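Take a look at the structure below.
The values are calculated or read from the model by the stated rules, or taken from the named source; none is laboratory data. Quantities reported herein were computed from a predicted structural model and do not represent experimental measurements. As a convention, Cβ positions derive from the backbone with ideal geometry for all residues, glycine included, and neighbour counts pool all protein chains shown.
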Amino acid sequence: MTTAKPTTTLDASLPTSAASDAHHALPRPVLPRRPRYAGRMPAWAWLAVVGLCIAAALPVVRASSVTESATELRALEAERERLDSEIRSLAAHVGQLGSLARIKQQAELRFNMVPARPTVVLDVEQPPPARVLPSRFAPTADRSGDGDAESWPLLDQAVWGAIFDVLIFE
């Protein structure tokens with residue numbers, strides 16, 4: 001159903017569908033397009049903000065860990081100095097305990113020892129007497145090998161002598 005446009009003012013005053021079309025004939029004002037994220041921050045901006053917060057927190061975390069390590073290092077150095085001084089004092093105490101005067105004093109007090117008397121040394125112009133071995137250790141001339149205890153040392157010497165004669169080539 002098409003209607004004609006009014007050509008005169010008289011036609012425009014009539015309540016027809018043509019008059020209502022004329023009213024709508026004006027161009028509709030176009031509003032500027034609003035972005036999709038109107039009122040909200042885009043995701044890339046959130047990522048940037050989170051990244052900046054992490055970047056700002058890293059030096060603080062690092063400084064606190066460095067401070068904690070430095071405090072622990074100072075405590076360990078103090079402990080080492082204390083132990084070094086204790087070692088020095090113990091070494092001095094050991095030196096005192098090992099002194100000859102203290103050992104002599106303790107020997108006299110605890111063990112009732114007395115100082116030694118002077119030693120007398122005699123020079124003798126004679127050679128010392130020959131060593132006399134007990135008969136069980138003296139070599140015997142009996143090589144019969146009858147099994148008695150006195151023949152075993154010679155038998156052992158004879159066996160070993162035979163072995164060395166075979167092994168050693170001259």
Considering only the range 98-119, state which residues are surrounded by 10 or more Cβ atoms within 10 Å (Cβ to Cβ), assigned to a helix (DSSP H, G or I) and not polar (S, T, N, Q). R102, I103, K104, A107, E108
Would you check if A45 is surrounded by 10 or more Cβ atoms within 10 Å (Cβ to Cβ), modelled with pLDDT under 90, of a type in the set (A, V, I, L, M) and in a helix (DSSP H, G or I)? yes
Name the one entry in R82, R62 that is modelled with pLDDT under 90, among the basic types (K, R) and surrounded by 10 or more Cβ atoms within 10 Å (Cβ to Cβ). R62
Given the condition of a type in the set (S, T, N, Q), modelled with pLDDT under 85 and assigned to a helix (DSSP H, G or I), answer yes or no: does some residue in the range 129-140 qualify? no
